[in-house]
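Have a look at the structure below before the remarks.
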Amino acid sequence: MFTKIIGTGSYLPKNIRSNKDLEKIINTSDEWIITRTGIKTRHIADVSDTVSSMGSCAAKKALIMAGIKFNKIDMIITATTSSSHAFPSSACQIQFNLNINNSISFDIAAACTGFIYGLSIADNYIKNGLVNYALVIGSDILSKTIDINDREAIVLFGDGAGAVVLCKSDTPGIISTNLHANGTYGRLLSLPYYNYDSKIIPTLKMSGNEVFKIAINKIISLVKETLCINKININNIDWFIPHQANLRMITAISKKLDIKMEKIIITVDKHGNTSAASIPLALDEAIRNGKIKLDDLLLLKAFGGGFTWGSILLRL
Ligand code: UT7
């Protein structure tokens, strides 16, 4: 028994922030941002956008592509670290927005790796026969958590949501999931909750350069581990969908692993780093523009705060 993706969808806020816009806010330049990150634009949520509203739009499109009745969904997982409410969870709000009567619904927090963690959880429920149809959503609004003077973070992060519909299948499907975490790195990338005893508004803190180097090494080991477990080589994979944090990181990893850049789905130039949304956004875009086709072998890989990191090997 396998779990298969049968629909994808995404949502991006209308408001676009360009590098030229950032030049007016902080001491930076279009040239620095493009050279150091590859990012040209990112979408920024406005007051009407929330993790659940964006997630609902993405999920609706995924359900329409899947062609199933919304009420068939019996599990909703939202990967996010920027939900408007601790409870009701964004997953419960999405369930309500889409008029889904009854489903296991909860949020998970694994930062930029959240979507990979969520897929892995749903895969296990489906493979074990506990759930027939699942929605896994990655949705984040990290732009609102950034100190406007933090010029490293403000250039990187954008907002958005992506979603997939999953169901059981006799043919692959999700083939392998490999998840990791190491809390000793927690201080290098953090976002505290609001502390009621303090007047200070919590903001995202990132030791960019340290995260950069560790992430590259962890992802290289992760890809080697995934290939080894599944007894395949890098050329067997049709498409790589990395977490979209920085184009320089993606390029460095591809060079080390001898992956052709033409086989990598890149959206970071247009979306920036959308945290848990980045992989499902890239997947949806590549399916809808015809790059990724049915039966292609995909490797999804992510790294984020925690630190957390993980990969999923799947056949579409
Ligand atoms: O999703 C997972 C979480 N995040 C990541 O994976 C992020 C990983 N890190 C990165 O993407 C990169 O480290 C950054 C883009 C954040 C920074 O790039 P870098 O090449 O690591 O820069 P750096 O920290 O080594 O700084 C180089 C210089 C510094 O100036 P000095 O000290 O050499 O004079 C910085 O102050 O660049 C300066 N700088 C900037 N200059 C113009 C830092 N941010 C900016 C900026 N504009 N926005």
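The values are calculated or read from the model by the stated rules, or taken from the named source; none is laboratory data. Just so it is clear, the model here is predicted, and its values are computed rather than measured. Every residue, glycine as well, gets a Cβ built from its backbone with ideal geometry; the counts of neighbours run over all protein chains shown. Side chains are part of the model used for accessible areas, which takes the heavy atoms of the whole protein and leaves out ligands, DNA and RNA. Shrake-Rupley method; radii C 1.70, N 1.55, O 1.52, S 1.80 Å.
A few remarks follow.
- Between ASP170, ASP30, ASP49, the GNM of the chain built on Cα springs shorter than 10 angstrom shows ASP170 fluctuating the most.
- For segment 84-113 versus segment 1-54, the gap between their alpha-carbon centres in whole angstrom: 22
- Counting only protein heavy atoms and a 1.4 Å probe, segment 28-100 has 46 square angstrom of accessible area per residue.
- Within segment 135-283: Cβ-based charge dipole about Cα centre, in debye rounded to nearest 20 (Lys, Arg +1; Asp, Glu -1): 320
- Considering helices alone, the calculated mean residue ellipticity of the chain at 222 nm is -10000 deg cm²/dmol, with DSSP H runs of length four and up weighted by -39500 (n - 2.57) and normalised per residue.
- Estimated distance in nm for a label pair at THR184 and LYS263, the labels positioned 7 Å out from Cα along Cα-to-Cβ: 3.3
- Relative contact order (%) - segment 164-316, alpha-carbon pairs under 8 angstrom, separation at least six: 37
- Under-15-angstrom lysine pairs by C-alpha in segment 9-73, whenever the two are 8 or more apart or on separate chains: 5
- Simple label model, 7 Å out from Cα along Cβ direction - ASN99 to SER169, nm: 2.9
- With every protein chain in place, the chain: carbon and sulfur % of accessible area (1.4 Å): 54
- Candidate lysines for bridging to LYS199, where Cα separation is under 22 Å - those fewer than 8 sequence places away on the same chain excluded: LYS144
- Separation between Cα centres of segment 186-238 and segment 249-280, rounded to whole Å: 14
- Leading residue at positive end of dipole, the chain (Cβ point charges), from THR274, CYS57, ASN124: ASN124
- DSSP-defined antiparallel bridges as percent of all bridges, the chain, nearest 5: 70
- Comparing HIS243, HIS271, HIS180 in a Gaussian network model of the chain, where Cα atoms under 10 Å apart are tied by springs, the biggest mean-square fluctuation is seen for HIS180.
- For the chain: relative contact order, % (alpha-carbon pairs under 8 angstrom, 6 or more apart): 26
- Size descriptors for the chain (Cα atoms only): Rg and Dmax, in that order, 18.3, 55 Å.
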